[in-house]
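Peer 1: Pasting in a structure now, in structure tokens, and then I'll have a few things to ask.
Bear in mind these aren't lab numbers, they're just calculated from the coordinates by the rules spelled out. This structure is a prediction, so every number in the text was calculated from the model and none was measured. No Cβ is skipped: glycine too gets one built from the backbone with ideal geometry, and neighbour counts run over all protein chains shown.
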Amino acid sequence: MGGHIRRKLLSERLQELSVTSLSICPLCERPIPDAMKDAHHLIPKSKGGKQTQFLHRICHRQIHALFTETELARQYSTVEALLAHPEIELFVKWVKRKPNDFFEVSRKSRRLKSK
């Protein structure tokens, strides 16, 4: 019995590894290295969201630097809505030219700092 359970767990782990190694960021459409993988709640947890999507850490931080949790819940709860925003569009054009493991600190927008 122990061998059967062990084989099942190893099989599940191998499936997880193959899926995680192939993760593509839905914003910038680049492969995400495991060290740069962040789970983003499309609707923030504080607003009742449960669904997550893996993003590059830099893409995830940029989203939270530009939008409040209320804005994310009301207006930007899909990847398509995020990509339609002009500042995200510019960011994605810029970051697509960077290596997959590129990271730079994101700064909060002035609009969010004044709130």
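Peer 1: Kindly give Rg over Rh for the range 24-113, based on alpha-carbon atoms, with the Kirkwood expression for the hydrodynamic radius.
Peer 2: On the way: Rg = 12.3 Å, Rh = 13.2 Å.
In the range 24-113, Rg relative to Rh is 0.93.
Peer 1: How many nm separate the modelled label positions at Trp94 and Asp34, each set 7 Å beyond the Cα in the direction of the Cβ?
Peer 2: Result: 3.1 nm between the two label points.
Peer 1: Additional query: At a Förster distance of 22 Å, what's the computed FRET efficiency of Ile24 paired with Glu87, Cβ-Cβ distance as r, to 0.05?
Peer 2: On the way: r = 22 Å, r/R0 = 1.00.
Computed FRET efficiency for Ile24 and Glu87: 0.50.
Peer 1: Using θ = phi - 60° and the Karplus curve 6.51 cos²θ - 1.76 cosθ + 1.60, what whole-Hz ³J(HN,Hα) does each residue of the range 97-104 get, with Gly and Pro shown as x?
Peer 2: 7, 8, x, 4, 9, 5, 8, 9
Peer 1: Let me ask something else about it. Quick one: Val79, Val105, fewest Cβ neighbours within 10 Å first, how do they rank?
Peer 2: Values: Val79 16, Val105 7.
In order of increasing Cβ crowding within 10 Å: Val105, Val79.
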